[in-house]
Amino acid sequence: MKVLILNGSPNKNGNTSFILSKFKEKFPINTDFKQIDAYSANIKPCMDCRYCWKNKGCRINDDMSIIFKDDYDVIVLASPVYMYHVTPPLFSIITRLNVIWSNNYFLKISNQMKSKKAVLILTSGENDSPDSAIKIAKIAFNFLNASFDIQKDYIYALNTNHVSVKDNKNISILIDKTINHVLNN
């Protein structure tokens, strides 16, 4: 099994990274993980150059090719919630998925990605609603042809400014439920 993780956290030892490490521990030992850290990745945002309106693919040649290679079985979007959204660098990566829509709409080229499973991991310092972050993740998963069930594939830790994610007993339950769904369905 191959898992691609798009990590939107700037903190190597933060809440999102803690959940990711616990999540990865639950997979079989031979799982192949590839992680793209949005804050350090060589991926530029969509520039609305409209290349993809007239040509197959994207003009920008960067590490987005890892995502477009489409050789993974599970896609994970992991992010702290900033101003109700995923972090700006992760959102920039998501904007590049526009090429899939544009190639299909303007050129009638189906860039259908292979079917895969999706997992969403969100952390938030307060109890504010992560609905906007969830909405953009669902859009990204749709473009990536990744099945996502918010009841089974969503790991979250809210209120981390007051309750450490390491002390949040619900995290382990959510991780186990998600891993079970990913590996057995």
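The 3J(HN,Hα) values that the Karplus relation (6.51, -1.76, 1.60; θ = phi - 60°) gives for region 148-158 are, in residue order, 9, 10, 4, 6, 10, 10, 10, 10, 9, 9, 9 Hz. Gly and Pro appear as x. Each residue of region 171-185 was assigned a 3J(HN,Hα) from its phi angle through the Karplus curve 6.51 cos²θ - 1.76 cosθ + 1.60 (θ = phi - 60°); the sequence is 4, 4, 5, 5, 4, 4, 4, 5, 4, 4, 5, 5, 7, 10, 10 Hz, with glycine and proline shown as x.
Between the helical axis of 131-143 and the longest alpha-carbon principal axis of the chain there is an angle of about 50 degrees. Values of log10 I(q)/I(0) for the chain across q = 0.10, 0.15 Å⁻¹ run -0.38, -0.85, by the Debye formula with one identical scatterer at each alpha carbon and no solvent. Take the Cα of Asn142, step 7 Å toward its Cβ, do the same at Tyr84, and the gap between the two points is 1.9 nm. Summarised in one figure, the compactness ratio Rg/Rh of region 99-159, Cα atoms and Kirkwood Rh, is 1.10.
Between Lys114 and Ser129, residue separation times 0.36 nm minus the direct Cα-Cα distance comes to 2.3 nm.
To the nearest ten degrees, helix 98-107 and the longest principal axis of the Cα atoms of the chain are 30 degrees apart.
When all alpha carbon pairs of region 23-83 are counted in 5 Å bins from zero, the resulting P(r) reads 3, 12, 20, 20, 18, 14, 7, 4, 2 %.
Principal-axis analysis of the Cα atoms of the chain puts helix 15-25 at an angle of about 90° to the longest axis.
Count the DSSP beta bridges whose two residues both fall in the chain, then state the antiparallel fraction as a percent rounded to the nearest 5.
Approximately 5 percent, going by the DSSP bridge assignments.
Only the coordinates and a few stated rules stand behind these numbers; no lab work does. Predicted model only: the values in this text are computed from it and were never measured. Note: ideal-geometry Cβ built from the backbone for every residue, glycine included; neighbour counts use all protein chains shown.
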